[in-house]
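Structure record follows, encoded as structure tokens.
All of the numbers you see were taken from the coordinates with simple rules; none came from a lab. Every value quoted in this text rests on a predicted model; they were computed, and no experiment measured them. Cβ sites come from the backbone with ideal geometry, for glycine too, and all protein chains shown count toward neighbours.
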Amino acid sequence: MANETKKNQLFVKCDGKKVTIIIGTDDVLDSRFTVAIRWDDNPAEEYWVYSNKSFNAFFLKSAKKFIKKFKEHDSMLIRYSDYRGVSNTVSFNLYRFRFSHLERAESEGCNFK
């Protein structure tokens, strides 16, 4: 769950070597397919994403690279736009996520490398 609201959720799906990262939301997303992500206190970076068919979740491309970022940083702030052009910002505690979910997934056979 995001720090600010329960409507935004971070998911990592692992099926053997195939890894998918999903950010779920109750918003209907715009069609720009980019988000701004700030890792800890570093400057924001622009990333390409793709949406599901109902435009209420987006998938981060190059999932294994993002897993590496999740392990290197303690927080992730994401800014995205909804269909009205309204900017939404949410943050995730990666420190807690890393130890409660990623390490368990690796111990159960997920290959993040």
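Looking only at Lys69, Lys53, Lys18, which one moves most when the chain is put into a Gaussian network model with springs between Cα atoms under 10 Å? Maximum fluctuation in the GNM of the chain, among the listed residues, is at Lys53.
Using C-alpha pairs under 8 Å with a sequence gap of at least 6, the mean separation divided by the residue count of the chain gives a relative contact order of 27 percent.
Sequentially through segment 89-95, phi angles give Karplus couplings (6.51, -1.76, 1.60; θ = phi - 60°) of 10, 9, 10, 10, 7, 6, 4 Hz, Gly and Pro residues having no value and appearing as x. Pop the C-beta distance of Glu45 and Lys113 into the FRET formula with R0 = 25 Å and round what comes out to the nearest 0.05. With a Förster radius of 25 Å, E is 0.65. Rounded to the nearest 20, the size of the Cβ-charge dipole of the chain about its Cα centre is 400 debye, with Lys and Arg at +1 and Asp and Glu at -1. With a simple spin-label model that places each label point 7 Å from the Cα along the Cα-to-Cβ direction, the separation between Glu4 and Lys69 comes to 1.8 nm. Counted over all Cα-Cα pairs of the chain, pairs farther apart than 25 Å make up 17 percent. Among the lysines of the chain, pairs that are 8 or more positions apart or on different chains and have alpha carbons within less than 14 Å of each other number 15.
Distances between placed amide hydrogens fall under 5 Å for Asn8 paired with Ala2, all partners being 5 or more residues away or on another chain. The distance between label points at Ile22 and Arg98 comes to 2.5 nm (points 7 Å beyond Cα on the Cα→Cβ vector).
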